[in-house]
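**Student:** One structure follows; several queries about it will come next.
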Amino acid sequence: MLQMPQEIGNSTKNDAQHVLGHVAHHVPATYKMVFGMYLSAFCNGLHDVMGPYNLLLIEMEKDYLNDPTIPLLTIVTKAENHARMFKHLNSIISQMKRDNLRGCEILELLHTEIIHNVGSVKEALQTIIRYCHNVLYKQLSNWLMHGQLIDSYNEFFIQSLPDRPFETLASESFTSQEASCSTPLIFFPHTTSSHKFAVQYPMLPSYIKPSVAEKILFIGETIVMFGCDPKDKKHGSYSRTSIWDEKEGKFYKKLQNLQSMKIFNVSEFEKTIDEFRSYVTQHLWKIAVEEADLFVQIKLLKDFFLLGRGELFLEFILQASPILYHHYHVNQAFHIAARKILLNDEVVEKFRFILPGKSELKDMRC
């Protein structure tokens, strides 16, 4: 009877160690934290939760040494208070082993168990999930502030897409680990330059809405876009840049405030994400519309590619008709047509037209 809580506690420890050892067995031993950051955080939280029980054992041992006549029922009663919690933790660890849960999937399991439990079990689970949320906020901080994915084990609900055509991505499931222990992923891709990211919905905890996840994706992608030089054609080229200026500390503090809460506050979380998105959107508007004259560029596209300046193309056809046999003369004819209607030379220089000659068209038909 006296050994029951101790046996359950030992079983919980052994199962936790088995989870770590099982995962570690499949990767090179030179890697650190091969079991993943979320599982590591889970084990740290488990160690914290079992702390009071370990102290109780020490205290009862001292009491027994001071008074060997202490009633056995007193010792059993104190120890049994922890038995229910250990049984439940052992059940959770068994489910994690059985379903090969990892990353944010662990958050979802803990969240579900918290909803369906009360008392000491609920408090223990809330302690463990706080440790796991620390990892989540660390990843969110790097993604939202710098557009960086700190996710060596593919545990985050936002992932970098494989470097393959979208048609391939749409027809296949992406797996980050061996097929025998992986979860099929569903991608809704967004693209920015050569960087592609997607929300990994099977990894998304239910208390984070898909719409909020899309906002988080948009914020990080926008940060990535600001760090990409469109003139640099090197694949994956990225230079770290900050759009936050003097407000970086303010927004970082908002994430710290969320992390410091004992219980994950959904409304505050969504409010903070909306504030991030609002600031990023305003900065994007300033860069694209105010500094880059987006509307002017769109009007130019309309005038030159959608025949918005009909008189220009009428004159262009007249100038080009006698020389269409040689495609390298067409651009010169276009410039002559633009000068005849007094169009700004700087605007014309932004466009270059090359049309195949009639002889080339004949070859193409053949």
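**Student:** Residues that are outside the structural domain of Ser206 (by TED's automatic domain parsing), among the hydrophobic types (A, V, I, L, M, F, W, C) and loosely packed, with under 12 Cβ neighbours inside 10 Å: does the stretch 76-83 have at least one?
**Tutor:** no
**Student:** Here are some conditions: (1) surrounded by 12 or more Cβ atoms within 10 Å (Cβ to Cβ); (2) modelled with pLDDT of 95 or more; (3) part of a helix (DSSP H, G or I). Phe264 meets all but one. Which one does it not meet?
**Tutor:** So the condition that Phe264 fails would be (3).
**Student:** If you check Ile150, Ile186, Ile216, Ile158, which single one turns out to be within 10 Å of the chain's Cα centre (by Cα), modelled with pLDDT under 95 and not small (Gly, Ala, Ser)?
**Tutor:** Just one listed residue meets the conditions, Ile150.
**Student:** Next question. Does Phe295 satisfy the criteria of being at negative phi and at pLDDT 85 or above?
**Tutor:** Details: at negative phi: yes; at pLDDT 85 or above: yes.
Against the criterion (at negative phi and at pLDDT 85 or above), Phe295 qualifies.
**Student:** I would also like to ask the following. Do we find that Leu39 is surrounded by 12 or more Cβ atoms within 10 Å (Cβ to Cβ), of a type in the set (A, V, I, L, M, F, W, C), closer than 14 Å to Met96 by Cα and modelled with pLDDT of 85 or more in this structure?
**Tutor:** It is true that Leu39 is surrounded by 12 or more Cβ atoms within 10 Å (Cβ to Cβ), of a type in the set (A, V, I, L, M, F, W, C), closer than 14 Å to Met96 by Cα and modelled with pLDDT of 85 or more.
**Student:** Can you find a residue that is assigned by TED's automatic domain parsing to the domain that holds Leu204, crowded, with 16+ Cβ neighbours inside 10 Å and charged (D, E, K, R) anywhere in the stretch 122-136?
**Tutor:** no
**Student:** State all residues of the stretch 87-115 that are surrounded by 18 or more Cβ atoms within 10 Å (Cβ to Cβ) and of a type in the set (Gly, Ala, Ser); if no residue qualifies, say none.
**Tutor:** Once the filter is applied, which keeps residues that are surrounded by 18 or more Cβ atoms within 10 Å (Cβ to Cβ) and of a type in the set (Gly, Ala, Ser), the stretch 87-115 yields only Gly103.
**Student:** Please state which one of Lys254, Lys250 is within 17 Å of Val212 (Cβ to Cβ) and modelled with pLDDT of 90 or more.
**Tutor:** Exactly one residue qualifies, and that residue is Lys254.
**Student:** Looking at (1) surrounded by fewer than 16 Cβ atoms within 10 Å (Cβ to Cβ); (2) among the polar types (S, T, N, Q); (3) assigned to a helix (DSSP H, G or I), which one does Ser152 not meet, given that it meets all the others?
**Tutor:** In the conditions (1) surrounded by fewer than 16 Cβ atoms within 10 Å (Cβ to Cβ); (2) among the polar types (S, T, N, Q); (3) assigned to a helix (DSSP H, G or I), Ser152 misses (3) alone.
The values are calculated or read from the model by the stated rules, or taken from the named source; none is laboratory data. Worth saying up front: this structure is predicted, and the values here are computed from it rather than measured. Backbone-built Cβ (ideal geometry, glycine too); neighbour counts: all protein chains shown.
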